[in-house]
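Down below is the structure, laid out as structure tokens.
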Amino acid sequence: MIREAVARLAQRYGRSYWLSTIGRPEGPEEHWQALAEGGFLGLLVPAEQGGAGLGMLEMETLLEALSEQGTPLLFLIVSAVMGTLALVRHGTEEQRRAWLPELVSGRKRVCFALTEPDAGSNSFRLSTTARRDGDHYVVNGRKTYISGADRADAILTVVSGEPVAEGKRKGISLLLIPADAPGLEMRKVPVAIEGPESQFLLFFDDVRVPAANLIGREGNAAAEMFEVLNAERISGAAAAVGLGRFVLDKAVRYANERVVWSVPIGAHQGLAHPLAAVKSRLELAALMAQKAAWLFDHGRPAGAESNMAKYEAAEAAIEACDLAIEVHGGNGFSREFDVITVWPWVRLLRTAPVSREMILNYIGEHVLGLPRSY
């Protein structure tokens, strides 16, 4: 049903619409509101807060389906997945009442701010601090590559009570910071990825945030953050699988239509076999993403599966896009055929939201039991 609904939406808000919103200040707002009207922004929200009361398995399906249409929405991941889950699982009753119905309806949205310019892959080496001052926190620091900050009403920000030492995980908190708070400045980060959503560098200069905006317990956000990050990795895997299918479909159509020396080029095993192999890889990655989502929904450890799904999906999507370019030959580099335009997206998913190397470190240490290497 989710796939059928997304396919119907694509008749109005498909790839052509998505491309037309690039550079538009409001972005794909009509698509966002259509998703809200269809109840998709509330998949992870309990029914009593106006949501569908479903789980990551359904959200994974939605994200796959959207990307299969060539319309990936990063903001859907950071707002309807990460922001929503943090509130559903760790917000107070008052926070849930105030925010969840607004997120479900599309009237409000949040983004997620973890990455810092000097921390790299060491997410716990935070320099963004939140000092308690009466009934407020005073926030100072920087965050970078924050998706959709310009369209968010609030920023779910990972902060520390003090600059965190190497390897230290205590003292980390989650704050919901109003996007229009005095002292908060946003600067757009120019990236070579064509899409309707932008990345931002955030500066916090004595930003005062009500203590009531603390999500969960003060200084206890490490475990809460990892829970949300597992959902982000499942989401990234779903987007990669969908984009891989989108570009693979283009390659298959072209291989059937393009005739050289009296036969379609897809008749040659030099193309047919690689296309078949990458199809297999994409479907295996999709199964791992579904397994990770199922584990997540049932409260079981899902770190290994979430990381494996994201790794395999990104690698398969890159292979699919590279192969699609090769199948198209010179046309693969033409905007008209809309293949090369997918490359920056799938390549991004190898690096973000967690790099290939850090995933392999995780699998080596936590799955295989090898010594920690860093």
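One table, with the values for the structure above:
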item	result
Some residue of the stretch 278-299 being touching a residue at least 24 places away in the same chain (Cβ under 8 Å), crowded, with 24+ Cβ neighbours inside 10 Å and in contact with a Phe, Trp or Tyr (Cβ under 7 Å, 6 or more places away or on another chain)	no
All helices (runs of 4 or more DSSP H) inside the stretch 1-71 with 3 or more residues being of a type in the set (Asp, Glu) and within 20 Å of the chain's Cα centre (by Cα)	56-68
Counted residues, the stretch 200-226 - those being touching a Lys or Arg at 6+ places or on another chain (Cβ under 7 Å) and under 23 Å from LEU73 (Cβ atoms)	3
Some residue of the stretch 92-103 being of a type outside the set (D, E, K, R), farther than 29 Å from ALA5 by Cα and outside the structural domain of ALA314 (by TED's automatic domain parsing)	yes
Sole residue being β-branched (Val, Ile, Thr), assigned to a loop (DSSP other than H, G, I, E, B) and in contact (Cβ under 8 Å) with a residue 60 or more places away in the chain, chosen from VAL354, VAL346	VAL354
Qualifying position, being farther than 30 Å from LEU54 by Cβ, in a helix (DSSP H, G or I), of a type in the set (D, E, K, R) and in the same structural domain as LEU243 (by TED's automatic domain parsing), among GLU319, GLU283	GLU319
Where TYR374 falls short, out of the listed (1) surrounded by 15 or more Cβ atoms within 10 Å (Cβ to Cβ); (2) of a type outside the set (Val, Ile, Thr); (3) in a loop (DSSP other than H, G, I, E, B); (4) over 18 Å from the mean Cα position of the chain (by Cα)	(1)
Matching residues in the stretch 176-220 - criterion: being of a type in the set (Lys, Arg) and over 22 Å from ALA86 (Cα atoms)	ARG187, LYS188
Flag if ALA304 is crowded, with 22+ Cβ neighbours inside 10 Å, outside the structural domain of VAL88 (by TED's automatic domain parsing), in contact with a helix residue (DSSP H, G or I) (Cβ under 9 Å, 6 or more places away or on another chain) and not in a loop (DSSP other than H, G, I, E, B)	no
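The values are calculated or read from the model by the stated rules, or taken from the named source; none is laboratory data. Since the model is a prediction, treat every value here as computed from it, not as a measurement. Don't worry about glycine lacking a Cβ; one is built from the backbone with ideal geometry, like all the others, and counts go over all protein chains shown.
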